[in-house]
Amino acid sequence: MDILIRRARPEDLDDAGRITVEAFVGDGHTAPGSSYVEHLRDAARRAREAELLVAVDAVDGQVLGCVTFAVGGTEWADIATPREGEIRMLATAAAARGRGVGEALVRAAMARSRELGLAGMAFSTRPRMTAAHRIYERLGFRRTPERDWAPFPGMDLMVYSLAF
């Protein structure tokens, strides 16, 4: 399958939101009744306030996955410094898993960081998101435990970072 990575278009937003909710809720990272579900579903807001990248099937244009990219110090960046890029809400449709979609999205965010002249990237992940951790490590990201944090009690987040 050929995958194209690009900024989300208006016609991609419903699928991007649905895929994000399915990935986070379906994989057990977010409770179905959590208020965070609507935050995950709101791809239009992410596209407006940050950069929403989508992976689409190069043949039929079907959205296969998405990731939110933000520069540190902006509203959508939780942990990155102003000289780093950050990804949030990396999600791949269940039917597209194992085909390199997640890795392609992370590589695109890395390229975007470099294009903006940033010094590297840093982002948070849940300890149970082991499939994503394997992608990050394969691409050169390393655990940065001194930057780990918790947005609220019981929500422990690990940080991965990479200097360019």
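Residue count for the range 4-23 satisfying the condition of being open to solvent by less than 30 Å² (accessible area, probe 1.4 Å) and either at pLDDT below 95 or of a type in the set (Lys, Arg) (or both): 0. Touching a helix residue (DSSP H, G or I) at 6+ places or on another chain (Cβ under 6 Å), within 16 Å of TRP76 (Cα to Cα), at pLDDT 95 or above and in a helix (DSSP H, G or I): is that true of ALA44 in this structure? It is true that ALA44 is touching a helix residue (DSSP H, G or I) at 6+ places or on another chain (Cβ under 6 Å), within 16 Å of TRP76 (Cα to Cα), at pLDDT 95 or above and in a helix (DSSP H, G or I). Scanning the range 102-116 turns up no residue that is of a type in the set (S, T, N, Q), out of contact with any Asp or Glu (no Cβ under 9 Å at 6 or more places or on another chain), under 24 Å from ARG142 (Cα atoms) and surrounded by 24 or more Cβ atoms within 10 Å (Cβ to Cβ). Scanning the range 33-75 for residues that are within 14 Å of the chain's Cα centre (by Cα), hydrophobic (A, V, I, L, M, F, W, C) and more than 16 Å from GLU103 (Cα to Cα) returns LEU40, ALA43, ALA47, ALA50, ALA70, VAL71.
Residues in the range 83-101 that are in contact with a strand residue (DSSP E or B) (Cβ under 7 Å, 6 or more places away or on another chain) and assigned to a loop (DSSP other than H, G, I, E, B) were compared, and the one that is most open to solvent (accessible area, probe 1.4 Å) is GLY100.
The set of residues in the range 47-57 that are of a type in the set (Gly, Ala, Ser) and either modelled with pLDDT under 95 or in contact with a Cys (Cβ under 8 Å, 6 or more places away or on another chain) (or both) contains only ALA55. Within the range 66-103, the set of residues being on the phi > 0 side of the Ramachandran plot and of a type in the set (Gly, Ala, Ser) comprises GLY73, GLY98, GLY100. So, GLY61, is that one open to solvent by 30 Å² or more (accessible area, probe 1.4 Å), without any contact (Cβ under 8 Å) to a residue 40 or more places away in the chain and either not hydroxyl-bearing (Ser, Thr, Tyr) or not in a strand (DSSP E or B) (or both) or not? The answer is yes for GLY61. Can GLY73 be described as at pLDDT below 95 and small (Gly, Ala, Ser)? No. Can you find, within the range 135-159, the residue that is surrounded by the most Cβ atoms within 10 Å (Cβ to Cβ) among those that are within 16 Å of MET110 (Cβ to Cβ) and of a type in the set (Lys, Arg)? The qualifying residue surrounded by the most Cβ atoms within 10 Å (Cβ to Cβ) is ARG142.
The values are calculated or read from the model by the stated rules, or taken from the named source; none is laboratory data. All of these numbers come straight from a predicted model, not from anything done at the bench. Every residue, glycine among them, receives a Cβ derived from its backbone with ideal geometry; neighbour counts consider all protein chains shown. Calculation scope for accessible area: heavy atoms of the full protein, side chains included, ligands and nucleic acids excluded. Shrake-Rupley method; radii C 1.70, N 1.55, O 1.52, S 1.80 Å.
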